[in-house]
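Each reported figure results from applying straightforward, stated rules to the coordinates on display, with no laboratory input. Note that the coordinates shown come from a computational prediction; the quantities given were computed from them, not determined experimentally. Because the Cβ atoms are built from the backbone with ideal geometry, glycine has one as well, and the counts that use them run over all protein chains shown.
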């Protein structure tokens, strides 16, 4: 079951004779859904009271994500992280929501997808770190509190992002397996509450992954310039990670 979706062929691309597995096909479906919703929400943007339901839903979602980022970082840096963190959250959330559709195979139930998301976070750490604090301050964090800690700090950064991928993969795949077993044992009755529970845990996993990613990409700023409330939230997320 470890890479079951990577081994299952969804279809073969015509003319190219290239097999596309279910992980890639499901990812394309999620991308298409997000693009369609984005188009519907932004095709006729208006201000005032008379706005479309799609625009209202989009504004609520963006405001909620912005609010969470503002609580984890300084408000003046929230817009810097919003596109990256918001994309991660909405992608994972959509993957988990679409599991309610029969026969849909969530991309996040494959280690290749969660690994790719973790690699994005790994590259986002130096990108945002250098962008916000400069190259010198970013590199300085690897030799704190002593230059002897350099290899350990580098290894810690690699293993932390890797752990994010494995945890998300494990949680989503376990939900798929449990749902399949329940469907075989008690069809049409027990799977329904399990799907509801899986939907709830999927939302929690999307939130945790996004907030941990935010914590990593903003870690170059350190704790010295952050308010106590931000430090408490980061400590809570670190506890969840462990």
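Under the shape rule built on the C-alpha gyration tensor, where the axes satisfy a ≥ b ≥ c, region 48-87 is prolate, since a/c reaches at least 1.5 and a/b is greater than b/c. The length gained on full extension between residue 52 and residue 104, counted as 0.36 nm times the residue separation minus their Cα-Cα distance, comes to 15.8 nm. One Cα centroid belongs to region 46-71, the other to region 86-147; the line between them spans 24 Å.
The modelled label-to-label distance for the pair residue 156/residue 33, using points 7 Å beyond Cα in the direction of Cβ, is 3.8 nm. Please label the shape of region 1-77 as rounded, prolate or oblate, based on the square roots a ≥ b ≥ c of the eigenvalues of the alpha-carbon gyration tensor (a/c under 1.5 means rounded; beyond that, a/b larger than b/c means prolate, else oblate). It comes out oblate by the Cα gyration axes. Divided by 2.2 N^0.38 Å, where N counts the residues, the Cα radius of gyration of region 56-123 comes to 1.28.
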